[in-house]
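Below is one structure, written out as structure tokens, with a few remarks after it.
What follows draws every value from the coordinates through simple rules; no lab data is involved. From a predicted model like this one, the values you see are computed outputs, not experimental measurements. Please note: Cβ atoms are built from the backbone with ideal geometry, for glycine as well, and neighbour counts cover all protein chains shown.
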Amino acid sequence: MESKPIRVGLVGAGYISEHHVLALRRLPGVVVVGVCDLDLARAQALADRFAIPGVYRSLTEMAVVGLDAVHVLTPPAFHTDVTLEALALGLHVFVEKPLATTVADCDRIAEAAVRAGRTVGVNHSLLRDPFVARALDIARSGALGDVLTVDYF
């Protein structure tokens, strides 16, 4: 018995979107069915490049085609509003980092996910990177003293 594919939409067609398309294409049973962006030309260019069938101006418009989940790829200031809208539409959500720009907004998203019975995940591309893990181990050991901030390239 074949299972029905997981239908995913992208909200935001900027730089990071192509990485999400490529990652999603490697997952069996997942199909990217649409992309929405306020800049329709940018959304259309992404759709043309990767043969994504639908281009939309809004998440609400895209959701009508039947989505199971969305990837929120907008600038961070918009993550909360888009994620809350997706949850209200009954969608699972994967958000590009950071989840939100305030702890209060993270809490709002978590509460909305529970109410909607949906899952929200946050991308962290280097979470299991051995160099990052080693740096964290060293910092946690106290060998570096009090770490106040970190940048990595």
If you take the residues of the range 86-117 that are in a loop (DSSP other than H, G, I, E, B) and buried (at least 18 other Cβ atoms within 10 Å of the Cβ), which of them is nearest to the chain's Cα centre (by Cα)?
Glu96
In the range 59-94, how many are closer than 15 Å to Gly14 by Cα and of a type outside the set (A, V, I, L, M, F, W, C)?
5
Subset tally (residues that are surrounded by 10 or more Cβ atoms within 10 Å (Cβ to Cβ) and among the small types (Gly, Ala, Ser)) for the range 137-153:
1
Scanning for something part of a loop (DSSP other than H, G, I, E, B), among the hydroxyl-bearing types (Ser, Thr, Tyr) and farther than 23 Å from Val11 by Cβ, does the range 132-150 turn up at least one residue?
yes
Residues within the range 1-30 that are out of contact with any Ser or Thr (no Cβ under 9 Å at 6 or more places or on another chain), closer than 20 Å to Val64 by Cα and either of a type in the set (Lys, Arg) or surrounded by 15 or more Cβ atoms within 10 Å (Cβ to Cβ) (or both), tallied:
7
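Going by the conditions given, is Val82 touching a residue at least 40 places away in the same chain (Cβ under 8 Å) and closer than 29 Å to Asp151 by Cα?
So Val82 passes the test.
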